[in-house]
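Each value in this text was obtained by applying a stated rule to the coordinates, not by laboratory testing. Computed from a predicted model, the values in this text were never measured in an experiment.
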């Protein structure tokens, strides 16, 4: 019998899965609290509940880890969220800074048949509007070679394939300077003082980007 979870419980599993993709050696209660903007005591109570359902392994001072069952549920949520984001941008013409909160609601729909049909309808996309990979029905994630924009060498060319910061403010900023996924760039200069960079675009525009901006943009180098 499938475990019945509340949207709140599912959100915790997804947050733990996202933290597991970082370089954090062990995921703490405070890590989860900071990511979800929730008080640590409330996080502790939820972790005990998830552990009782065998969805996480949790020992105080030793960190939190998803069990196989918990990981399966978390990746399913990620899959649904990212497919809905594709649908909202491609079919309903939402901007990429508008879709996250709506997809947060839609990801809790339980029907696997609906999601499988949605994936087929969208042409089996591999990445969402922010460049994040979409897990397949088995939870497998396709990876690709990508680096942060500030890691390019001088005169090296690349194409923008994703963003690290998916918040509305950052995405709106990128729109304002006409940078989007698929944009081809060439690193022209690195400012020694503050590590800001100058890039050249395909239309011969040149832009100066701060270090903070450039480290939040993922690119794939091209010849």
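See the values below:
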| item | result |
| --- | --- |
| Mean separation of Cα contacts under 8 Å (6+ apart) over length of the chain, as relative contact order % | 15 percent |
| Degrees between helix 40-52 axis and first principal axis of the chain (Cα, 0 to 90, nearest 10) | 60 degrees |
| Percentage relative contact order, region 147-222, counting C-alpha pairs under 8 Å, at least six apart | 45 percent |
| Region 147-222 - Rg over Rh from alpha carbon coordinates, Kirkwood radius | 0.92 |
| Candidates 176, 196, 69: whichever shows maximal mean-square fluctuation once the chain is modelled as a Gaussian network with Cα springs under 10 Å | 176 |
| Cα centroid separation - region 161-195 against region 118-142, whole Å | 23 Å |
| Relative contact order (%) - region 7-66, alpha-carbon pairs under 8 angstrom, separation at least six | 36 percent |
| Compactness index (Cα Rg / 2.2 N^0.38 Å), the chain | 1.13 |
| Gaussian network model of the chain, Cα within-10 Å springs - most flexible of 158, 103, 33 | 33 |
| Equivalent-ellipsoid semi-axes of region 55-160, from the Cα gyration tensor, Å, largest first | 26, 23, 13 |
| Estimated 222 nm signal from helices in the chain, with DSSP H stretches of n ≥ 4 weighted -39500 (n - 2.57), rounded to 500 | -12000 deg cm²/dmol |
